[in-house]
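J.: Quick one: the structure is below, questions incoming.
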Amino acid sequence: MNEIFPSGATNTEAPPAPAHPDGARRPLGPASWYARPTARHWTAPTAPHAPTPAHAFHAALPDYAPTRLVELPSLAAELGVGRVFVKDESSRLGLPAFKALGASWALHRVLAERGGATAGPAGAGAGAPAGAAGAAAGAAAGPAGAGSGPVGAAAGPAGAAGAGAVAGAAEPVTFVTATDGNHGRAVARIARLLGQRAHVFVSRGVHPEAVAAIEGEGARVTRVAGPYDLAVREAARAVEDAEDGPGAGSGSGREASPTVLVQDSGRPGYERIPGWIVEGYATLFAEIDAQLAAAGAGAPDLVAIPVGVGSLAQAAVTHYRAPAPDPGAGAGGGAGPALLAVEPEAAACVLESLRRGERVSVATGDTAMAGLNCGTPSSLAWPALRAGLDAAVAVSEARAARAVRDLAALGVPSGPCGAASLAGVRAALTGDGAADRRAALGLGPTATLVLLSTEGPAANPHGQDTRAHGQSAEPHGSDANAYSQTPDPYGPDTRHHEPDTHPYGPGSTPHGPATHPEA
């Protein structure tokens, strides 16, 4: 891609002040904030805004419905802006997180290519790829998914043709993935409903109930006594060691294999399937556009995005930095919304990479924001993040715990990862230095904010016990900001890892329309 990396990155914070007894209100230090105001003028090398094949695919699924966009006037008053909306992903295609959007599209693409189907669901349009009906409209192959679940029904537009094509595949595919929670369950659910198999490598730090939910989808689970990056390595090695030989079925373009790596983190040589996952997330932003328009809000001025490896943030950059549909409107149609990445202090790999100006790995610590506990940005996402993110902020456990409680009180069920977006905008827009941070984000008193709440409480039971994870204002580990110049989780395991201990035990893995609940 012809990437352009604008200059002008700034880190305007003063040296950190002493920690406040209430970590949710302590000032941000220089390691917790990064801004580059010129990012919103960058134009992504993508097609203009238009309905995507993935959006049409999702809309054809039997149980599809847009998730809620909830307006919260009390948060707008607290933050000193015009309007605040929260995108509530606590129920998406029968799962308690947004990840099913990417997993369903990626598995559909893999199976469609293997099955060779040519018909697509109604509304897929000419832009749908060849083989679009392989899993379209939720067509299930095999008894495990027949006629059940959000993508299990064989009925639906062009569903019969799609089901036949997939059922004709030589043998079930085993989809292999690593997860820190939600992605693994989504892959396992979609695989089960399509009559396929799943093998999920689960990193340490995922709640036992989340692991049980993955097993409940019929997946084989391998627990990894280490962080997410190690789980990614182990999943990739499992595919490399499959009977079809190194690399087969891993998205490398080699001959199809019954074992396929479906990872949302890209690396050089493995970017096609992660790219499909990012394409799947486009549906979320298409929904937001329609819902804001219905609410009379227009385009947002800021979008806050919880970040793990950066795939959802990549989808946001791709969407909001797309070229203007009208060529006469200029590059990007003028300044787009500010895009704010939010990470845990214990795993701020994107923030650290932005500060260093290159993709680096960080040694992660423990965090209740388990789905964001990633040590290395996706290589596929990194160019877009470096060019298109306006700012990044790392938030404490206390800030996230408070955000979980406050959103629940306002009628938005959110887990710690989803609530991180509220914690991030609070950190950015309030407290010492807030005026400078607001200026960097280009926000005035009439601004419209969209916060992505990417999971519900059921996705991450850590959020049910804020006393266990919400009192410490500091990251759980003194090396949370350590970094490596060779950030490849698929490569040799040479960087530092924290000791293999965890409060849950060695080797365990802790688990619509715009509405106004305040009226």
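The values are calculated or read from the model by the stated rules, or taken from the named source; none is laboratory data. Computed from a predicted model, the values in this text were never measured in an experiment. Glycine also receives a Cβ, built like all others from the backbone with ideal geometry; neighbour counts cover every protein chain displayed. Surface areas here come from the heavy atoms of the whole protein model, side chains and all, with no ligands, DNA or RNA. Shrake-Rupley method; radii C 1.70, N 1.55, O 1.52, S 1.80 Å.
J.: Please give the contour-minus-distance gain from Asp241 to Asp436: 0.36 nm per residue of separation, less the Cα-Cα distance, rounded to one decimal in nm.
T.: My answer for the length gained is 65.0 nm.
J.: Provide the gained length on full extension for the span Ala299 to Ser74, in nm with one decimal, where the gain is 0.36 nm per separating residue minus the Cα-Cα distance.
T.: 79.0 nm
J.: Which order, highest average first, do 213-223, 289-299, 82-92 follow once you tally other Cβ atoms within 10 Å for each residue and take the mean per peptide?
T.: 82-92, 213-223, 289-299
J.: A further question on this structure: About its Cα centre, how strong a charge dipole does the range 253-406 have in debye, to the nearest 20, once Lys and Arg get +1 and Asp and Glu get -1 at the Cβ?
T.: Numbers: 11 positive and 16 negative charges, 61 e Å.
Roughly 300 debye, rounded to the nearest 20.
J.: What accessible surface, in Å², does a 1.4 Å probe find on Phe201, ignoring ligands, DNA and RNA and rounding to the nearest 10?
T.: Answer for Phe201: close to 10 Å² accessible.
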